[in-house]
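S.K.: Quick one: structure below, then a few questions.
The values are calculated or read from the model by the stated rules, or taken from the named source; none is laboratory data. Remember, predicted model here, so these are calculated numbers, not experimental data. With ideal geometry, Cβ positions are generated from the backbone for all residues, glycine too; neighbour counts draw on all protein chains shown.
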Amino acid sequence: MVEKAGKQPGGPGRAPDDPLLWPFAAARLAMDTCFWWLERGPPEQDESGVPWTTPNAVALELATMRLRDCTRGRSGQPALVCAPYALHRAVIADFAPGHSVVQSLQDGGIDRVYLTDWRSATPDMRHFSIDSYLGDLNVAIDEIGVPVDLVGLCQGGWLSLLYAARFPAKVRRLVLVGAPVDLSIESALSQLARSAPEMVYDQLVARGGGNVSGDEMLRFWSKPPSRDDIAAALQKDLSDEEGAALLARFDHWNMETLNLPGTYYLQIVNWIFRENRIAGGSFVALGRQIDLRDVTAPVFLLAGLDDDVVPAAQALATADLLGTPPAFVTAASEPSNHLGLFMGARTHAHAWPRIAKWLRDDLPGMLVRSA
């Protein structure tokens, strides 16, 4: 596979194009503007104003999330979509008809689909850590019933992988889509994370009252996504009436940001993106050091050939870190940018039906781990 060269992140004072880079662009902007803009904004609303595409009910109310039950029946193998928690709401996984991970899985015959709907951080959540999110993910999976098929999107991917390594008996199959794991392979994300001194991130959190403000990141976002950027993400011509509706919906989704807990944010920046602890084998999750070789479940890796955030080489390199035998690793790439992996019409027409079929099908000689 030949990977296309990705665009480099913007220079000083210019944030990169992809919204999922905002937490790291914030530190760049902080250095350039001496923090004058980091005043506390109003608290975020707890519910999205963008309607869900797929009918769902709230199965659990947890401190870090609402567990969304999108199931169409009570039988069958459950799949849990772990959305990214990176300043945008989980509607990224259920954006619109033809642009929805949840819908594509259902159309592919997965009747029991659940979704992590992460909450915006409030002041009393400022000390929530990665362990807080892994702990609630564990509660959610126990509620659904083990083993589950875990589908991790972007930063929901490394969280899903940590979970699968920490509780291998609870994950039947693992799908990682555009997931940053081995940050020794350079990307815009890792470059931005390492471009500022550690104290800059500490000051960023302190100035936000213990959280990172999504509202502030959006307000000082120097290059909002253009119509062409959105068309590339949705892989759709936006010139007709349907396109205009999608454009308006994207703008609405894009404006609804989430705050991140300061402790969680700093752990991501330092432990994952600066120190590469997950790939390096030194990450401790819920009291236990994580060894990715404990992950032996079948794995499907999906990468975007035009992904500047998590380059295809990085997304696919995860296979070499796992205990899963090569025969049970499926790797695929799509001509897609980062958001297009989750929201793109072409990706949903080609890659996601393949993922759904892979989840449904029996794999010859598949490893079975007893709980």
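S.K.: So, in the range 200-248, of the ones that are polar (S, T, N, Q) and closer than 17 Å to residue 345 by Cα, which residue ends up surrounded by the most Cβ atoms within 10 Å (Cβ to Cβ)?
M.R.: 235
S.K.: Is the range 330-340 home to any residue that is of a type in the set (S, T, N, Q) and farther than 22 Å from residue 93 by Cα?
M.R.: No: the range 330-340 contains no residue that is of a type in the set (S, T, N, Q) and farther than 22 Å from residue 93 by Cα.
S.K.: Still on this model: Are any residues in the range 269-315 out of contact with any helix residue (DSSP H, G or I) (no Cβ under 7 Å at 6 or more places or on another chain), in a helix (DSSP H, G or I) and surrounded by 18 or more Cβ atoms within 10 Å (Cβ to Cβ), and if so, which ones?
M.R.: Selection gives 312, 314, 315.
S.K.: What pairs come up if the first residue lies in the range 165-194 and is without any contact (Cβ under 8 Å) to a residue 12 or more places away in the chain, the second is among the hydroxyl-bearing types (Ser, Thr, Tyr) and surrounded by fewer than 22 Cβ atoms within 10 Å (Cβ to Cβ), and their beta carbons are under 9 Å apart, counting only those six or more places apart or on different chains?
M.R.: Pairs found: none.
S.K.: Considering (1) out of contact with any Asp or Glu (no Cβ under 8 Å at 6 or more places or on another chain); (2) buried (at least 21 other Cβ atoms within 10 Å of the Cβ), say which one residue 254 fails and leave the rest.
M.R.: (2)
S.K.: Which number in (1) surrounded by fewer than 22 Cβ atoms within 10 Å (Cβ to Cβ); (2) at pLDDT 95 or above marks the one condition that residue 264 misses?
M.R.: Tallying (1) surrounded by fewer than 22 Cβ atoms within 10 Å (Cβ to Cβ); (2) at pLDDT 95 or above, residue 264 fails exactly one: (1).
S.K.: Next question, about the same structure. State yes or no: is residue 189 part of a loop (DSSP other than H, G, I, E, B) and either of a type in the set (A, V, I, L, M) or touching a helix residue (DSSP H, G or I) at 6+ places or on another chain (Cβ under 6 Å) (or both)?
M.R.: no
S.K.: Looking only at the range 251-269, count how many residues are in contact (Cβ under 8 Å) with a residue 60 or more places away in the chain and within 24 Å of residue 47 (Cβ to Cβ).
M.R.: 12
S.K.: Hey, any hits in the range 329-345 for a residue that's modelled with pLDDT under 95 and over 24 Å from residue 107 (Cβ atoms)?
M.R.: No, the conditions are met nowhere in the range 329-345.
S.K.: What do you reckon, is residue 63 among the small types (Gly, Ala, Ser), modelled with pLDDT of 55 or more and part of a helix (DSSP H, G or I)?
M.R.: So residue 63 does not fit the description; no.
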